[in-house]
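A short write-up of the structure that comes next.
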Amino acid sequence: MKANRWARRRARRALVQAVYKWQMTDAESHKVAAEFQDSGALAKADREFFDELLKGVLLRCAELDELLIPNLDRKLTELDSVELAVLRLGTFELKNRTDVPYRVVIDEYIELAKLFGAEDGHKYVNGVLNKLAHSLRSVEVAAHERI
């Protein structure tokens, strides 16, 4: 069954907020997930997708950060919290959701950085996710660049 792109978009929007909240409060992952499930923030969202990405990012945060660090021009601690949440989600999706084209992943997280992040934060997100796509999905990127 093909995923509903609007339901995924709604899930990603809630995911940025959930990961941001987790980063800022250090709340337990199950409490963050429950809060979003109960709040109605996931109405018309792809809940399975939300649950998978939230669990993946929160449980594999250190692994995701290790992938991010070589692609940053500053320390992880110096990143804006919204941009860090967006980058962690984008990294997880690039690494683990190969069913989603890399360009879709990058575009979705650029839009979320525009919505929630600092004025030009989306440009930074674009650059970092592009670098990651080249290393995590080199075959897919190369195939696209030949077109």
If you build the Cα gyration tensor of the stretch 5-146 and take the root of 5 times each eigenvalue, what three semi-axes come out, in whole angstrom, biggest first?
23, 17, 14
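If R₀ is 22 angstrom, what is the calculated FRET efficiency for the pair K131 and W6, using the beta carbon separation as r and rounding to 0.05?
Details: r = 29 Å, r/R0 = 1.30.
Working from the Cβ atoms, E equals 0.15.
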Using θ = phi - 60° and the Karplus relation 6.51 cos²θ - 1.76 cosθ + 1.60, list the HN-Hα couplings for the stretch 73-87 in order, rounded to whole Hz, with x at every Gly or Pro.
9, 8, 5, 4, 5, 8, 6, 4, 4, 5, 5, 5, 4, 4, 5
Proximal aspartates and glutamates relative to K95, as straight alpha-carbon distance under 14 Å, when same-chain residues fewer than 8 apart are discounted:
E52, E63, D65, E66, E140
Take the alpha carbon atoms of the stretch 1-33, find their center, do the same for the stretch 61-139, and report the distance between the two centers in whole angstrom.
15
GluC sites (Glu not before Pro) restricted to the stretch 67-147 and DSSP loop, no more than 13 other C-beta within 10 Å
E119
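Mind giving me the FRET efficiency for V139 and Q37? R0 is 22 Å, r the Cβ-Cβ distance, nearest 0.05 is fine.
On the way: r = 36 Å, r/R0 = 1.66.
The calculated FRET efficiency here is 0.05.
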Using the basic label-point model (7 angstrom from Cα toward the beta carbon), what is the D80 to A27 distance in nanometres?
2.3
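Computed from the coordinates by the stated procedures, all read-outs in this text should not be read as laboratory data. The structure presented is a predicted model; accordingly, all values stated were derived computationally and were not measured. Here Cβ is always computed from backbone atoms with ideal geometry, including for glycine, and neighbour counts include all displayed protein chains.
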